[in-house]
Amino acid sequence: MAVVLGVWGVCAGGCVSGDARAVETPGVWRAPGPFVAGEVRVSGLTRLDRRADDEVVLVLHLEVMDQFGDPVKVLGAVDVVLTPAASAGAARDAVRWSVGFTGARESTSYFDPSSRTYRFVLGDLPGWALALGEADARDARLDVVLRTPAPGGSDRSVRELRAQSVFGG
């Protein structure tokens, strides 16, 4: 009994249990202190994969780092564009996806703790993209824009972080 009371007495003055700071307040967008996103990179884990229903999907892994180069979770949205290697119709043939994760639970659902990356499964690939990874396939460019709260900004100020990667053949 004395041990329990002793721990309670110590914690009553300064221990924090759970998430004491609001990560998300309805209608308000706030940067969570010094550990905000400072850089985004397309991870080498990004690949094409075949799902159980035989659909080929792009499994995008994004590394989001703070100013110290450590992985962080964020709130925000990501826009992804997959464009075939330079060709006459490259812009026309581009594929686009947008994924929002503005809630803490949403953000955590995309975060893969093993790889410490955000993992997005993107479907509806066109025929040219299905050939990526084959020996004679042309490369594609993967452009990513992560929009996340800006540090020290107003409640709705947004910071855009960009990454680009060559993917495929």
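The values are calculated or read from the model by the stated rules, or taken from the named source; none is laboratory data. None of the values given here were measured: they were computed from a predicted structure. All Cβ positions, even for glycine, are placed from backbone atoms using ideal geometry, and neighbour counts span all protein chains on display.
In the range 91-128, the qualifying residues are those that are in contact with a Phe, Trp or Tyr (Cβ under 7 Å, 6 or more places away or on another chain) and more than 18 Å from LEU45 (Cα to Cα), and the one that is surrounded by the most Cβ atoms within 10 Å (Cβ to Cβ) is PHE101. Exactly one residue out of ASP70, ASP66, ASP53, ASP93 is under 17 Å from PHE167 (Cα atoms) and acidic (Asp, Glu), and it is ASP93. What about GLU63, is it touching a residue at least 40 places away in the same chain (Cβ under 8 Å), under 23 Å from VAL158 (Cβ atoms) and among the acidic types (Asp, Glu)? Yes, satisfied. Filter the range 135-153 down to residues that are at pLDDT below 80 and aliphatic (A, V, I, L, M) and give me whichever is farthest from LEU75 (Cα to Cα). Result: ALA135. Residues of the range 45-69 that are within 14 Å of the chain's Cα centre (by Cα) and more than 16 Å from LEU122 (Cβ to Cβ): GLU63, VAL64, MET65, ASP66.
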